[in-house]
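Asks: Sending over a structure as structure tokens; questions will come in a sec.
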Amino acid sequence: MSEYTIQDVFVKYGDEYIKNNHLSKEQWKAFNAIRNCGTKNLGYHICTCKECGEEYFGYNSCRNRHCPMCQKYAREKWIDNESKYLLDSKYFHIITTIPCELNEIVFHNKKICYDILFKSTSESILTLANDPKWLGAKVGITSILHTWGQTMEFHPHIHSIVTGGGLNNNKWVSCDKDYIFKVQVLGSLFKKKFLCYLKHEHNNLFLKESLKNFKAFNKFLQPLYSKTWITYIEPPKGSVENVVEYVGRYSFRVAISNERIKDINDGCVTFEYKDYKDNSKIKEMTITANEFIRRFMLHVLPENFTKIKHYGILSNKNKKNNIRFCRFLISKIITNEFINETKRIFNKFKCEKCGSFNFDYRFVYNLNRT
């Protein structure tokens, strides 16, 4: 466990940062939540063991989705729920990324562009998977938005976990290859869809003066059609039971974990990163605390924006019925019975006296314990 946390950086250097930088409403909310998480400023709670009556006192957590200290519990809860929808199937990991030339536009139009990123990714995967040339079936997709690279620079991309099989005319079609479709084909279709939707939103985008004219905007985008957009398809690996754990790790990451922070002295922050350009070697980077906070704040999501979305047979509208039907079909092909049970304990506290996880909670939202 790291000696330093993001909260330490915010507490030690946050006041200086906010004096010299403007924060949006969402950034203010995340900044204050992380800085006050687990302190008296958010009040306290008393946990009473239902078995032996032992009482425990603790300060409240912020529960902000950008706070690394609050993500473990949220992740476990999400994993437990999503385990109910696992199929006895292969799963592919697909990454779709936009070129850096679009970063400025995306940053100033986050909600619109993130929606386009989700839409163009999901439509591309569903279209290709449904093509008889490839799988010829409707697959299930869980997509997760990430906006950062290893050094916390702005790098929007989507991680999608895709079922290696799908429905076609009430039959389960299973993928018997280590790829669901060619990655080059995905990249080309994704590129066309993203740029098409971006052009369609031109009048709703906040743009610099030189791009407000549609012809100038179109001219700016034109070279991106001939550029190769980076997409990646990772073949299935591991057991089906590990898939939801794998997705959960991606789903509840923040721009940087506390474990990667190595030092916060002398007005600077040193952290670890993986250098993919140098055989994924682990290296250290030192930047000013001001720059560290700036980079972290780049990744605060728009208010009420959903960063995990489901499509195809996993779309929320018919998810339960689709999964029930798919399991019935798969059981006829693969096994006589498919049962997946995931038992997890969500309680943050275990009674030191009797070992029980069964607690009553009383929350007090004031600055002082009474």
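The values are calculated or read from the model by the stated rules, or taken from the named source; none is laboratory data. These numbers were taken from a predicted model, which means no experiment stands behind them. Here the Cβ positions follow ideal geometry from the backbone for every residue, glycine too, while neighbour counts run over all protein chains shown.
Asks: Among the residues that make up region 287-294, is at least one of them touching a Gly at 6+ places or on another chain (Cβ under 7 Å), surrounded by 19 or more Cβ atoms within 10 Å (Cβ to Cβ), at pLDDT 95 or above and under 30 Å from Trp172 (Cβ atoms)?
Replies: Checked against the condition, which is being touching a Gly at 6+ places or on another chain (Cβ under 7 Å), surrounded by 19 or more Cβ atoms within 10 Å (Cβ to Cβ), at pLDDT 95 or above and under 30 Å from Trp172 (Cβ atoms), region 287-294 yields no hits at all.
Asks: Right, here's the next one. Keeping to region 26-51, report how many residues are in a helix (DSSP H, G or I), among the hydrophobic types (A, V, I, L, M, F, W, C) and surrounded by fewer than 17 Cβ atoms within 10 Å (Cβ to Cβ).
Replies: Of the residues in region 26-51, 1 are in a helix (DSSP H, G or I), among the hydrophobic types (A, V, I, L, M, F, W, C) and surrounded by fewer than 17 Cβ atoms within 10 Å (Cβ to Cβ).
Asks: Assuming Arg35 fulfils every condition listed in (1) touching a helix residue (DSSP H, G or I) at 6+ places or on another chain (Cβ under 7 Å); (2) closer than 21 Å to Asn304 by Cβ; (3) of a type in the set (D, E, K, R); (4) modelled with pLDDT of 95 or more apart from one, which condition is it?
Replies: Just one mismatch for Arg35, condition (2).
Asks: Can we say Phe118 is closer than 23 Å to Arg253 by Cα and touching a Ser or Thr at 6+ places or on another chain (Cβ under 7 Å)?
Replies: Answer is yes for this residue.
Asks: I'd like the residue in region 57-106 that is within 30 Å of Cys196 (Cα to Cα) and β-branched (Val, Ile, Thr) and, out of all such residues, is surrounded by the fewest Cβ atoms within 10 Å (Cβ to Cβ). Walk me through it before giving the result.
Replies: At the first step, the residues of region 57-106 found to be within 30 Å of Cys196 (Cα to Cα) are 91-106.
Retained after the next criterion (residues that are β-branched (Val, Ile, Thr)): 94-98, 105-106.
Values: Ile94: 23, Ile95: 16, Thr96: 27, Thr97: 19, Ile98: 25, Ile105: 20, Val106: 19.
Ranking the qualifying residues of region 57-106, first place goes to Ile95.
Asks: Can you name every residue in region 13-60 that is in contact with a Ser or Thr (Cβ under 7 Å, 6 or more places away or on another chain) and of a type in the set (Phe, Trp, Tyr)?
Replies: Tyr59, the sole residue that qualifies.
Asks: Restricting attention to region 102-125, which residues are within 19 Å of Gln27 (Cβ to Cβ), touching a Phe, Trp or Tyr at 6+ places or on another chain (Cβ under 7 Å) and basic (Lys, Arg)? Can you show your working first?
Replies: Of all residues in region 102-125, those within 19 Å of Gln27 (Cβ to Cβ) come to 103-104, 106-114.
Narrowing the set further to residues that are touching a Phe, Trp or Tyr at 6+ places or on another chain (Cβ under 7 Å) leaves 103, 107-109, 111, 114.
Lys111 - this is the single residue of region 102-125 that is within 19 Å of Gln27 (Cβ to Cβ), touching a Phe, Trp or Tyr at 6+ places or on another chain (Cβ under 7 Å) and basic (Lys, Arg).
Asks: Of all residues in region 210-251, how many are of a type outside the set (Asp, Glu) and outside any helix (DSSP H, G or I)? Let's see the steps before the verdict.
Replies: The initial filter retains those residues of region 210-251 that are of a type outside the set (Asp, Glu), namely 210-233, 235-240, 242-244, 246-251.
From what is left, the residues that are outside any helix (DSSP H, G or I) are 212-213, 226-233, 235-239.
Matching residues across region 210-251 total 15.
Asks: Which residue pairs have Cβ atoms under 9 Å apart, sit 6 or more places apart or on different chains, and have a first residue in region 86-100 that is closer than 12 Å to Val247 by Cα and in contact (Cβ under 8 Å) with a residue 40 or more places away in the chain and a second that is surrounded by fewer than 23 Cβ atoms within 10 Å (Cβ to Cβ) and basic (Lys, Arg)?
Replies: Every condition considered, the pairs that remain are His93/Lys237.
Asks: Only one of Ile34, Ile46, Ile18 is in contact with a Pro (Cβ under 9 Å, 6 or more places away or on another chain) and either over 24 Å from Lys350 (Cβ atoms) or among the aliphatic types (A, V, I, L, M) (or both); which?
Replies: None of the others qualify; the one that does is Ile34.
Asks: Checking the condition modelled with pLDDT of 95 or more and acidic (Asp, Glu), which residue from Glu241, Glu153, Glu245, Glu234 passes?
Replies: Just a single option satisfies the conditions, and that option is Glu153.
Asks: Could you please give the count of residues in region 11-47 that are farther than 29 Å from Arg362 by Cα and either touching a Leu at 6+ places or on another chain (Cβ under 7 Å) or touching a residue at least 24 places away in the same chain (Cβ under 8 Å) (or both)?
Replies: Residues that pass the stated criteria total 11.
Asks: Hey, another quick one. Could you check Asp266 against (1) of a type outside the set (S, T, N, Q); (2) assigned to a strand (DSSP E or B); (3) at positive phi and say which number it fails?
Replies: The one condition Asp266 does not meet is (2).
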